[in-house]
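Here the structure is laid out as structure tokens; the discussion comes afterwards.
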Amino acid sequence: MVGLYLAHAPDARRLAYLLTGDLALAEDFVQEAFARLVGRLAHLRDRAAFDAYLRRTIVNLSRNYFRRRSVERAYLVREARSPGPSQHQPDVATREAMRQALLALPARQRAAIVLRFYEDLPEHEIAEILRCRPGTVRSLVTRGVQALRDDIRGDDDAD
């Protein structure tokens with residue numbers, strides 16, 4: 001393997017540098033490419049094609065790197081535009097009212113609502129967990145949501 005590295009590393013480093021414009025990153029790509037290929041060396045059909053495999057691996061590493069950077073940049077731009085947590089204060093009173101209303105529900109309705117809306121599970125998985133039919137899950141969720149609405153609206157009327 002050392003012989004392969006000595007024979008192919010300079011060309012691989014040059015390719016990686018031309019793709020990235022960063023020598024340190026190019027060296028990282030070459031190391032990563034060799035690390036990935038060393039385990040697959042025994043599986044190569046044509047050992048003479050090692051250079052082609054190495055080039056393809058470096059190109060893929062480069063593409064993945066720049067794709068990931070693009071996604072990260074887009075995320076940072078979105079985050080910069082969105083209001084930060086300091087601008088939005090949690091509504092503790094509403095949260096507590098919802099928690100109390102949820103705790104007031106019968107256990108099966110509460111379980112169905114928590115699994116559906118908080119755990120985001122589909123009806124068939126909720127049915128398996130609660131050991132009932134999917135239609136029963138729909139009924140439990142519908143009745144529970146209606147009870148929550150009535151309870152929350154009732155609290156609003158009392159204010």
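Enumerate the pairs (first residue in region 130-144 and assigned to a helix (DSSP H, G or I); second residue anywhere and open to solvent by 90 Å² or more (accessible area, probe 1.4 Å) and modelled with pLDDT under 95) with beta-carbon separation below 8 Å, excluding pairs fewer than 6 apart on the same chain, so at least 6 apart or on different chains. What qualifies is Leu130/Arg108; Pro134/His124; Leu140/Arg108.
Pairs meeting the criteria (first residue in region 37-53 and closer than 12 Å to Tyr5 by Cβ and of a type outside the set (D, E, K, R), second residue open to solvent by 50 Å² or more (accessible area, probe 1.4 Å) and modelled with pLDDT of 65 or more, beta carbons under 7 Å, at least 6 apart or on different chains) are Leu37/Tyr53. Reported count of residues in region 3-20, each being out of contact with any helix residue (DSSP H, G or I) (no Cβ under 7 Å at 6 or more places or on another chain), modelled with pLDDT of 90 or more and open to solvent by 70 Å² or more (accessible area, probe 1.4 Å), is 3.
Per the conditions (1) at pLDDT below 90; (2) open to solvent by 60 Å² or more (accessible area, probe 1.4 Å); (3) over 30 Å from Leu25 (Cβ atoms), the sole criterion not satisfied by Ala80 is (3).
Looking only at residues of region 113-128 that are open to solvent by 100 Å² or more (accessible area, probe 1.4 Å) and not in a loop (DSSP other than H, G, I, E, B), we find that the one that is nearest to Arg143 (Cα to Cα) is Phe117.
The values are calculated or read from the model by the stated rules, or taken from the named source; none is laboratory data. Because the structure is predicted, anything quoted here is derived from the model rather than measured. Note that each Cβ is placed from the backbone with ideal geometry, even for glycine, and that neighbours are counted across all protein chains shown. Please note that ligands, DNA and RNA were not included when accessible areas were found on the heavy atoms of the full protein model with its side chains. Shrake-Rupley method; radii C 1.70, N 1.55, O 1.52, S 1.80 Å.
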